[in-house]
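Can you keep this structure in mind? I'll have questions shortly.
Just so you know, all these numbers are worked out from the coordinates, no wet-lab data involved. Since this is a predicted model, take the numbers as computed values, not measurements. Positions of Cβ are backbone-derived with ideal geometry, glycine not excepted, and every protein chain shown enters the neighbour counts.
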Amino acid sequence: MQRRDFIKTTALSAIAVSTTGFIRFDGKHYIGNCETTSDVLGPFYRPDSPLRQNLVIEGQKGDPIELMGKILHEDCTTPYKNAKIELWHCDGNGVYDNESADFKYRGTAYSDQTGSYSFNTILPVPYGEGENYRPAHFHLMITTEGYQPLVTQLYFVGDPWIEKDELSSSPTAIRRILEVQNLGNGSKKVEYNVSMAQKLAAEPAAIERLVGLYTNEKDSTKTMELFKKDNQLWMKNEPFGQNLEFLGMNTFTLPGIPPQHKLTFVFEPMLSGAVKLTETYSNDKGDKNVTVYLKSA
Ligand SMILES: [Fe+2]
């Protein structure tokens, strides 16, 4: 399967669950299932959206809504100060601003001393075609130090498209289907608290060594580009990329692979400075697909 096709398939079908959403023991105490579950990044993320909490555009269609809540550490209690929160969503016609310098309905904010954040914006609407509609949703990316960047989506109670959508109907999304409160003045409010989850992190210097352009050993027209962002290893795809999750031992995977499938990227730095990358994908039927890439020194 070609890289691009694979990304497309997984981006549409996969739910990024990883370790979140389950109770686990951290060596001292149990960490509850309060952690926020992730969702796919989707094709419309744009980095570097403007620092602003008000995304409302005068004269544009859409119900005003405040999205607010707290960013918490993995104990789900301690406020996380100064977390970076990126919000993006479609306009009142279901269209994303993917190109303009205005970055419409896109903004970046930071949590305050109490972990609180808020955005004033409009309620997104479902978008799609025919029977293939996505329910209305906010996209969020939360970046903190010491935790895995969290990419997630929020849905709204009562949206008829939720049960037909693979992502929002997943059991892991239940706590991300939120009640919209109607305030007296005609505006709306939705509250979403985020708990961060810690995962293994690769050494930033080691990541540095792995970034670059990899070429398929058998077909030089097939390449894969890796880059570093927020001390994580990312794989470039259109229009941006997806962060890889470190599994230890020079091995990474992509968050969002269904549990019955397995995808690993094993890196072997060579003495020459070149890096060999072996991608192994296996499905629930035991079919295995191994591709070797090389990055020159
Ligand atoms: Fe979306």
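Placing unit charges on C-beta atoms (Lys and Arg positive, Asp and Glu negative, everything else neutral), compute the dipole magnitude of the chain about its Cα centre in debye, rounded to 20. The partial results should precede the final answer.
Details: 31 positive and 37 negative charges, 110 e Å.
Approximately 520 debye in magnitude.
Looking at the chain from every direction and averaging, what is the projected area of its Cα convex hull in nm²? List each step's numbers first, then the result.
On the way: hull surface 70.7 nm².
One quarter of the hull surface, i.e. the mean projection, equals 17.7 nm².
Quick check: convex hull of the Cα atoms in region 19-195, volume per residue, rounded to a whole Å³? Don't skip to the end; give the middle numbers.
Details: hull volume 22.2 nm³, N = 177.
Enclosed volume per residue, from the Cα hull, is 126 Å³.
R0 = 22 Å: FRET efficiency of Glu131 with Val157, Cβ-based, nearest 0.05? Provide the component values of the computation, followed by the final result.
Numbers: r = 22 Å, r/R0 = 0.99.
Plugging the Cβ-Cβ distance into 1/(1 + (r/R0)^6) gives 0.50.
May I pose another question? When the Cα centres of region 160-226 and region 121-136 are compared, how far apart do they sit, in Å?
So the two Cα centres are separated by 18 Å.
While we're looking at this one, here's another question. Please give the net charge around Glu66, taking every other residue with its beta carbon less than 13 angstrom from that of Glu66, where Lys and Arg add +1 and Asp and Glu add -1. Spell out each step's value before the answer.
Details: positive: Lys188, Lys189; negative: Asp63, Glu191.
With Lys, Arg at +1 and Asp, Glu at -1, the net is 0.
As a test of understanding, state the convex hull volume per residue of region 57-97 from its alpha carbons, in Å³. Could the numbers behind the result be given before it?
Numbers: hull volume 4.7 nm³, N = 41.
Measuring per residue, one finds 114 Å³ for the Cα hull of region 57-97.
On to the next question. Please report, to two decimal places, log10 I(q)/I(0) for region 108-212 at q = 0.11, 0.13 Å⁻¹ as given by the Debye formula with identical point scatterers on the Cα atoms and no solvent.
The computed values of log10 I(q)/I(0) come out as -0.48, -0.64.
Can you give me the angle between helix 3-13 and the longest principal axis of the chain, using Cα atoms only, in degrees from 0 to 90, rounded to the nearest 10?
With rounding to tens, the tilt is 40 degrees.
Next question. Testing the spin-label approximation: label points 7 Å from Cα along Cα→Cβ at Lys189 and Phe44. State their distance in nm.
In this crude spin-label approximation the distance works out to 2.7 nm.
Taking other Cβ within 10 Å of each residue's Cβ, how do Ser170, Ser220, Ser49 sort, fewest first? Numbers along the way, then the final one.
Details: Ser170 17, Ser220 9, Ser49 20.
If I rank by nearby Cβ atoms, fewest first, I get Ser220, Ser170, Ser49.
What are the principal axis extents of the Cα atoms in region 204-295, in Å, biggest first?
Per principal axis, max minus min of the Cα coordinates gives 37, 31, 29 Å.
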